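Taken together, the values in this text are just the output of simple stated rules run on the coordinates, not laboratory data. The shown structure was predicted, so the numbers you read here are calculated from the model rather than taken from an experiment.
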Amino acid sequence: DTFGFRCECGREGSCGEVVWMTLAEYEVVRAQDDRFALVPGHETDGIEHVVEGNERFVIVDKVDEAEPFVSDDPRGRTSE
């Protein structure tokens, strides 16, 4: 089963689009606090790069220079 998660692209005014993922797929994203699930095409060059993707979503990792602006995951997972 897939579930709808809000796109985590950070577009100005916040993105209202939905990313459809299984819980296992989303847990892969949350394994690091600098990774996010986005609607394909919502990536921002220069601050993140795609590490995985398919027709439903892309997973991006923030570049080193952008990591200080990413809050720590409340579950205690860190960037690698």
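Summary table
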| read-out | value |
| --- | --- |
| Karplus-derived 3J(HN,Hα), 6.51/-1.76/1.60, for each residue of the stretch 17-27, Hz, glycine and proline x | 7, 10, 9, 9, 9, 6, 5, 5, 5, 5, 5 |
| C-alpha center-to-center spacing [the stretch 1-18, the stretch 30-60] in angstrom | 12 |
| Fully extended contour minus Cα-Cα distance, from THR22 to VAL51, at 0.36 nm per residue | 8.7 nm |
